[in-house]
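J.: One structure is given below, represented as structure tokens, and several questions about it will come after.
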């Protein structure tokens, strides 16, 4: 990473942090402390094309719903099959479980991403990794508290780990998203 990219990345992080700090320093500290602790391993996708189902399963699980990936796939197609999904289909399935979800046809800006994650939302990102499959869904879980990286849950590996903004935007090659909030009535 060149010095200018590193400077821009750190500046975006500081801008996002400063906006939230102005609102409420105490709330900011609590959210930041919780953001790192809420990130956990995602269930591995059970079939080659079920990254989207694993991400939905992760969102459901974080709201206390235990739904197998096969049931999520069947909810989309009417039967279990190893098929990919569109970003709009991921959104529609989440809406069918009464989750708050909206599709965004572009990557979030750093400010939008930090704001969403700090507010308790998760992001299911559609990416085209430089060294991976043609299309893949990952879950953006939160902010790593020590360095401000984004906690990325990858259903292919079943691992959750921090990535820099540059890695997220250019290594993962992020294209579109579903911003996910808990269903109404669940806190």
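J.: When the residues of region 65-95 are narrowed to those that are outside any helix (DSSP H, G or I) and under 20 Å from the mean Cα position of the chain (by Cα), which ends up nearest to residue 179 (Cα to Cα)? Give the steps one after another, and end with the answer.
T.: Within region 65-95, the first condition is being outside any helix (DSSP H, G or I), and the residues that meet it are 65-68, 78-86.
Subsequent filtering for residues that are under 20 Å from the mean Cα position of the chain (by Cα) retains 65-68, 84-86.
Values: 65: 18, 66: 20, 67: 20, 68: 21, 84: 19, 85: 16, 86: 14 Å.
Among residues in region 65-95 that are outside any helix (DSSP H, G or I) and under 20 Å from the mean Cα position of the chain (by Cα), the one nearest to residue 179 (Cα to Cα) is 86.
J.: Moving on. Look at region 120-143 and say how many of its residues are more than 17 Å from residue 49 (Cβ to Cβ) and more than 13 Å from the chain's Cα centre (by Cα).
T.: Final tally of qualifying residues: 2.
All of the numbers you see were taken from the coordinates with simple rules; none came from a lab. Note that the coordinates shown come from a computational prediction; the quantities given were computed from them, not determined experimentally. Virtual Cβ from ideal backbone geometry, glycine too; neighbours counted across all protein chains shown.
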